[in-house]
Amino acid sequence: MVEGLEKKRKIEEEWSSIYASKQSLTRADFPPDFTFGVATAAFQVEGACDEDGRGPSIWDAFSHAPGNICDGSNADVAVDQYHRYKEDIELIAKLGFGAYRFSISWSRIFPDGLGTKVNIEGIRHYNNVINELLDKDIQPYVTLYHWDLPLNLLESMGGWVNEHILKYFAIYAETCFSSFGDRVKNWITINEPLQTAVNGYYTGVYAPGRREHSSNEPYLVAHHQLLAHAEAVSIYNKKYKDKQGGQIGLVVDCEWSEAMSDRLEDRNATTRRLDFQLGWFLDPIYFGDYPETMHEKLGDRLPKFSERHKELLKNSVDFIGLNHYTTRFVCHATDNREDNDFYRVQEVERIAEWEGGETIGEKAASPWLYMVPWGVWKVLNYISMRYNNPPVYITENGMDDEEDDTSPFHQMLDDKLRVSYYKGYLAAVHQAIKDGANVRGYFAWSLLDNFEWHLGYTKRFGLIYVDYKNGLTRHLKSSAYWFLRFFKAEGGKNLKLD
Ligand code: GBH
């Protein structure tokens with residue numbers, strides 16, 4: 001038997017007997033105050049790139065530079081949510097979701113990022129969005145930073161590698177709290193700082209596409225994002241929280257890592273892997289420093305926290321937002337086959353496919369995405385165990401289909417694989433709650449097909465299909481109807497289908 005396969009089959013067997021008992025799961029099986037929402041991010045959906053005083057972001061520059069986006073596209077128009085937000089909110093309401101996670105485009109609020117002059121048009125736009133949501137009884141969950149740094153902050157000072165960015169982020173965050181916090185009760189400072197560090201400054205597949213100083217910049221960029229998060233939270237807690245009565249957290253992304261064998265070195269490698277994803281950001285918040293494993297492997301490359309920073313970071317979240325999509329088996333490896341030094345330094349190898357073709361789960365369209373529902377069950381239990389059961393929202397979960405203009409329309413809308421993904425993953429979340437994990441909410445990624453970063457419009461993550469060839473019209477997929485029924489069983493709201 002090839003290494004790992006026996007273990008995988010054992011886990012699958014255990015999982016399938018749990019799953020068998022959850023076939024008819026509905027919203028009513030989750031706690032009454034559990035939040036169900038859908039998510040997007042400004043750059044991926046808004047478009048209107050130079051309207052109403054918006055300044056350029058690093059993703060505008062990056063996507064316009066030849067070779068960075070695989071289909072040569074950009075997000076100048078994206079799916080035009082800037083103009084169609086009412087229609088989109090209407091759809092969210094119609095499907096029965098009670099929350100919408102979206103992000104604010106920093107350069108709509110401060111076009112050059114510097115925080116000297118607020119762009120009133122930007123404030124007006126998000127006021128409209130927030131008011132429209134509340135009107136429809138949908139709670140806004142607002143991300144302040146989902147990767148679209150004002151371009152000027154990169155060009156004038158190097159963006160996240162420069163400590164001065166903390167000041168500008170603090171001004172921006174406070175402007176949002178004071179402008180919107182009377183109505184927004186759920187704040188997220190930063191989305192997936194790991195990705196900005198690793199893909200922005202290591203592999204270079206995300207903006208700003210840097211690779212040149214990959215032995216230290218990713219760690220600096222992560223460090224400054226953590227501190228910017230903590231400064232923003234401290235402002236919120238001191239000046240706004242009591243008055244406004246909201247909560248604030250950080251969104252991290254984490255695959256589940258399952259040890260390839262019970263050998264100690266594989267188990268240690270798996271811990272290391274989780275430390276380099278999750279512990280990197282959560283250990284400083286809960287324990288006051290980076291994980292020991294990172295210190296061991298990185299030595300001086302890892303920036304240090306001052307005592308003041310440690311204090312600031314400690315317990316700087318009311319909840320953890322978890323973006324989770326997929327899972328890998330992990331083993332110890334010093335002669336790493338991955339062509340990425342980020343994994344070489346960790347001395348881990350990640351496995352999703354075995355010789356002979358067996359995979360860890362069914363494949364989605366993105367090459368990294370395999371459907372492994374039991375992974376979310378395990379990662380939720382891991383977080384609960386390691387960090388003393390903090391409140392967790394799953395802030396993203398979903399899978400993608402390949403854009404295929406040869407498939408008949410009705411086939412693209414009948415996204416059976418996505419339905420089975422959500423059925424499986426929600427059952428696994430349900431099981432984690434049953435085990436005692438403090439899960440408070442769940443957001444599907446994404447409300448609608450959108451600009452999938454370096455993969456352009458070639459991947460479709462939406463519950464709602466966007467017809468790029470016909471005026472960006474929206475069409476519900478089977479998965480959207482599936483959610484509608486999932487809510488309806490409880491006698492949910494806004495159920496009229498037409
Ligand atoms: C999320 O990240 C993002 O928050 C969201 O904006 C995005 O649309 C969604 O994923 C779907 O991708 O191409 O091999 O370099 C999830 C974590 C990390 C998954 C980076 C994709 C790129 C791998 N992502 N990863 S690769």
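Taking square-rooted eigenvalues a ≥ b ≥ c of the alpha carbon gyration tensor, is region 34-488 rounded, prolate or oblate, where a/c under 1.5 means rounded and, failing that, a/b exceeding b/c means prolate?
The shape class here is rounded.
For the pair Asn127/Ala65, report the inter-label distance in nm, with labels modelled 7 Å from Cα in the Cβ direction.
Reported label-point gap for Asn127 and Ala65 is 3.7 nm.
What distance in nm separates the simple spin-label points at Glu212 and Lys185, each placed 7 Å from Cα in the Cβ direction?
Output for this residue pair reads 4.9 nm.
Below 8 Å, C-alpha to C-alpha, sequence gap of six or more: please give me the relative contact order for region 34-488 in percent.
So the answer I get is 16 percent.
When the helix-only estimate is applied to the chain (DSSP H runs of n ≥ 4, each -39,500 (n - 2.57), divided by the residue count), what is the mean residue ellipticity at 222 nm, nearest 500 deg cm²/dmol?
Working: 20 runs with 205 residues, N = 498.
Using -39500 (n - 2.57) per qualifying helix, the result is -12000 deg cm²/dmol.
Tell me, what is the per residue accessible area of region 313-411 in Å², probe radius 1.4 Å?
Computed with neighbouring chains in place, this is 40 Å² per residue.
Kindly identify region 1-139 as rounded, prolate or oblate by the Cα gyration tensor criterion: order the square roots of the eigenvalues as a ≥ b ≥ c, call it rounded if a/c is under 1.5, otherwise compare a/b with b/c, prolate if a/b is larger, else oblate.
oblate
Using per-residue counts of other Cβ atoms within 10 Å, averaged over each peptide, order 224-234, 150-160, 298-308, 176-186 from highest down.
Highest to lowest by the protection proxy: 224-234, 150-160, 176-186, 298-308.
Which pairs break 30 Å Cα to Cα here: Lys314/Lys378; Lys167/Lys459; Lys7/Lys416; Lys8/Lys416; Lys136/Lys314?
In this structure, Lys167/Lys459; Lys136/Lys314 exceed 30 Å between Cα atoms.
Treating the beta-carbon of each Lys and Arg as +1 and of each Asp and Glu as -1, no other charges, what is the dipole magnitude of region 34-488 about its Cα centre, to the nearest 20 debye?
Values: 47 positive and 64 negative charges, 318 e Å.
Result for region 34-488 is approximately 1520 debye, rounded to the nearest 20.
Would you mind working out the accessible area per residue for region 239-304, using a 1.4 Å probe, and quoting it in Å²? Please list the in-between numbers first.
Details: 2570 Å² over 66 residues.
Accessible surface, normalised per residue, equals 39 Å².
If a paramagnetic tag sat 7 Å from the Cα of Asn388 along the Cα-Cβ line, which residues of region 284-318 would have the backbone N under 16 Å from that point?
Those under the cut-off are 284-289, 311-318.
Considering the dipole of the chain built from charges on the beta carbon (Lys and Arg +1, Asp and Glu -1) around the Cα centre, which of Leu149, Leu313, Gly361 is farthest to its positive end?
The Cα lying farthest towards the positive end belongs to Leu313.
Sum up the charges of everything whose Cβ sits under 11 Å from the Cβ of Asp71, counting Lys and Arg as +1 and Asp and Glu as -1, but leave Asp71 out.
-1
What size of dipole, in debye to the nearest 20, comes out for region 5-118 about its Cα centre when the only charges are +1 on Lys and Arg C-beta atoms and -1 on Asp and Glu C-beta atoms?
On the way: 13 positive and 18 negative charges, 93 e Å.
I would put it at about 440 debye.
Output the Kirkwood hydrodynamic radius of region 66-197, Cα pairs only, in Å rounded to one decimal.
Hydrodynamic radius (Kirkwood, Cα only) of region 66-197 equals 16.0 Å.
Under 5 Å between amide H atoms, partner at least 5 residues away or on a different chain: which partners does Asn186 have, H built in plane at 1.01 Å?
Close amide H contacts, sequence-distant or interchain: Val142, Gln247.
Once both labels are modelled 7 Å past Cα along the beta-carbon direction, what's the Ser16-Asp435 spacing in nm?
My value for the distance between the label points is 2.0 nm.
Once the dipole of region 34-488 is set up with Lys and Arg at +1 and Asp and Glu at -1 on Cβ about the Cα centre, which of Gly441, Phe329, Val372 lies farthest towards its positive end?
Going by the Cα projections, it comes out as Gly441.
Going toward the positive end of the dipole of region 363-472, with +1 on Lys and Arg Cβ and -1 on Asp and Glu Cβ, which of Leu426, Leu463, Pro408 do you reach last?
Leu426
What's the carbon and sulfur percent of region 34-488's accessible surface, probe 1.4 angstrom, rounded to a whole number? Kindly include the intermediate steps, with their values, before the conclusion.
Working: 7490 of 15610 Å².
Summing carbon and sulfur atoms, their accessible area is 48 percent of the total for region 34-488.
Based on the alpha-carbon gyration tensor of region 1-70 and its eigenvalue square roots a ≥ b ≥ c, which shape applies: rounded if a/c is under 1.5, prolate if not and a/b is larger than b/c, or oblate? Display every interim value, and only then the final one.
On the way: a/c = 5.61, a/b = 1.72, b/c = 3.27.
Oblate, because a/c is 1.5 or more while a/b does not exceed b/c.
The values are calculated or read from the model by the stated rules, or taken from the named source; none is laboratory data. The structure presented is a predicted model; accordingly, all values stated were derived computationally and were not measured. Cβ atoms come from the backbone with ideal geometry, glycine included; neighbour counts cover every protein chain shown. Accessible surface areas use protein heavy atoms only, side chains included; no ligands, DNA or RNA. Shrake-Rupley method; radii C 1.70, N 1.55, O 1.52, S 1.80 Å.
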